[in-house]
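Note sheet for the following structure.
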Amino acid sequence: MLLRLLLQILDWLCGGFCLMLLARFIMQWARASFRNQIGQFVIAITDWLVLPARRLLPGLLNVRGLDLPSLLLAWLTQAMYVGLVVGLSGKIGMAGAFVPATFGLVALLSAIEVFRLAIYLVMGVVIVSALLSWVNPYAPLAPVFNAVAAPFLRPLQRLIPLLGGVDLSPLALLLALQLLLGLLIVFQHAFSPVFIH
């Protein structure tokens, strides 16, 4: 019981930090401004780890405008948590040994978890962006949410016409992301009977 509670707390901490790293990656990819409260918060939470990683991996700094150290650190954060869960479960590996198959499983489950968190992040951004466009389009943080949501919505906006002046692309994107999330969770559970979620 106590171990499960500790693992749940670690899951929240690792998941929250991973979300901040993913937010940094997506904001830079979308060319959203970091000169706002959200951007400054993300930088304050992640700089202590991202800046040393950029010095260690200078070649990954800006490959096609992507902040790959942030993405790699998000994956490593999840890999540490998943590795801990798999190690404590004792169900994988032989006599507690960390075999290559176990490493591959941890790497795969960590990548799936990062992708799952990225989907949740995009869903949250799209929901907030859509709500702000209806409630208060001139809110101080609206440009940030709009800038991050725009690259995901733009392809759908080309396909889905406005209906009575209403943009239905956020609804279509949320539906597609929800379907993708369902498939991802099924895939995740198929590969890991010990993973907590």
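Which residues, counting only those in segment 116-132, are β-branched (Val, Ile, Thr) and either on the phi > 0 side of the Ramachandran plot or surrounded by 19 or more Cβ atoms within 10 Å (Cβ to Cβ) (or both)? Matches in segment 116-132: Val122, Val125, Val126. Please go through segment 29-47 and pick out each residue that is under 19 Å from the mean Cα position of the chain (by Cα) and in a helix (DSSP H, G or I). Matches in segment 29-47: Trp29, Ile38, Gly39, Gln40, Phe41, Val42, Ile43, Ala44, Ile45, Thr46, Asp47. Hey, among Arg24, Arg35, Arg55, which residue is modelled with pLDDT of 80 or more, of a type in the set (Lys, Arg) and in contact with an Asp or Glu (Cβ under 7 Å, 6 or more places away or on another chain)? Testing whether each residue is modelled with pLDDT of 80 or more, of a type in the set (Lys, Arg) and in contact with an Asp or Glu (Cβ under 7 Å, 6 or more places away or on another chain) leaves just Arg24. Exactly one residue out of Val114, Val128 is in contact (Cβ under 8 Å) with a residue 40 or more places away in the chain and closer than 28 Å to Leu73 by Cβ, and it is Val114. Scanning segment 2-30 for residues that are within 21 Å of Trp48 (Cβ to Cβ) and among the basic types (Lys, Arg) gives a single hit, Arg24. When Val85 is tested against (1) at pLDDT below 95; (2) in a helix (DSSP H, G or I); (3) of a type outside the set (Gly, Ala, Ser); (4) under 30 Å from Leu175 (Cβ atoms), only condition (4) is not met. Of the listed requirements (1) exposed (fewer than 15 other Cβ atoms within 10 Å of the Cβ); (2) over 23 Å from Ile38 (Cα atoms); (3) β-branched (Val, Ile, Thr), Val135 misses just one: (2). Within segment 6-60, the set of residues being of a type in the set (S, T, N, Q), closer than 17 Å to Trp75 by Cβ and either in contact (Cβ under 8 Å) with a residue 40 or more places away in the chain or out of contact with any helix residue (DSSP H, G or I) (no Cβ under 9 Å at 6 or more places or on another chain) (or both) comprises just one member, Gln28.
This table checks each residue for (1) out of contact with any helix residue (DSSP H, G or I) (no Cβ under 9 Å at 6 or more places or on another chain); (2) over 22 Å from Leu22 (Cβ atoms); (3) of a type outside the set (S, T, N, Q); (4) part of a helix (DSSP H, G or I).
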residue: Phe103; (1), (2), (3), (4): no, yes, yes, yes
residue: Leu117; (1), (2), (3), (4): no, no, yes, yes
residue: Leu132; (1), (2), (3), (4): no, no, yes, yes
residue: Asn146; (1), (2), (3), (4): no, no, no, yes
residue: Ala150; (1), (2), (3), (4): no, no, yes, yes
residue: Gln157; (1), (2), (3), (4): no, yes, no, yes
residue: Pro170; (1), (2), (3), (4): no, no, yes, yes
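If you check Phe41, Phe17, Phe34 for being out of contact with any Lys or Arg (no Cβ under 8 Å at 6 or more places or on another chain), of a type in the set (A, V, I, L, M, F, W, C) and buried (at least 18 other Cβ atoms within 10 Å of the Cβ), only one passes: Phe17.
The values are calculated or read from the model by the stated rules, or taken from the named source; none is laboratory data. From a predicted model like this one, the values you see are computed outputs, not experimental measurements. Every residue, glycine as well, gets a Cβ built from its backbone with ideal geometry; the counts of neighbours run over all protein chains shown.
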